[in-house]
Amino acid sequence: MDITDGQWEAVKPLFRAVEAKNTTRGRPLRDPRDVLNGVLWILRTGAPWKDMPDRYPPYQTCHRRFQYWVKYGLFQKLTAMLVEDLYKRGKIDIRETFIDGSFAPSKKGALLLARQNAVKAPKSWQFQTLLVFLSPQTWNTLPHMK
């Protein structure tokens, strides 16, 4: 789902001011609407930049422009305008929103606890306490405690 024509007409003036600075050197800039659609696709799906579909500009271009827009405050203004548009059309209620910022890194191979044998397992009190709370027998007890 890409940005609509009406939404693009509303936010286009923001891009004209920023993009006018970069027209003197290097390659011609990609269409900001296409780049914005690519950035919004990444933000909507949560996929890595390199997994961006071919219908958008190269992921390096989208990522670089996204960083530029964030650095100079354009993206904050842009999201505020788009959220206001969705609110006016009844598509979103901005009084009841939140952002989930959870992040879970993963490493190659097996989990650290799964790889350790009994001799090398941690013996600290923190590890023992963790095992108690991870035990299925305590799951029924914990909700009743205050």
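The values are calculated or read from the model by the stated rules, or taken from the named source; none is laboratory data. Here the structure is a predicted model, which means the values were calculated and not measured. Reconstructed Cβ throughout: ideal geometry from the backbone, glycine too, with neighbour counts over all protein chains shown.
Of all residues in the range 67-79, which are aromatic (Phe, Trp, Tyr) and surrounded by fewer than 20 Cβ atoms within 10 Å (Cβ to Cβ)?
Tyr68, Tyr72, Phe75
Checking Ile42 against (1) in a helix (DSSP H, G or I); (2) modelled with pLDDT under 90, which test does it fail?
(2)
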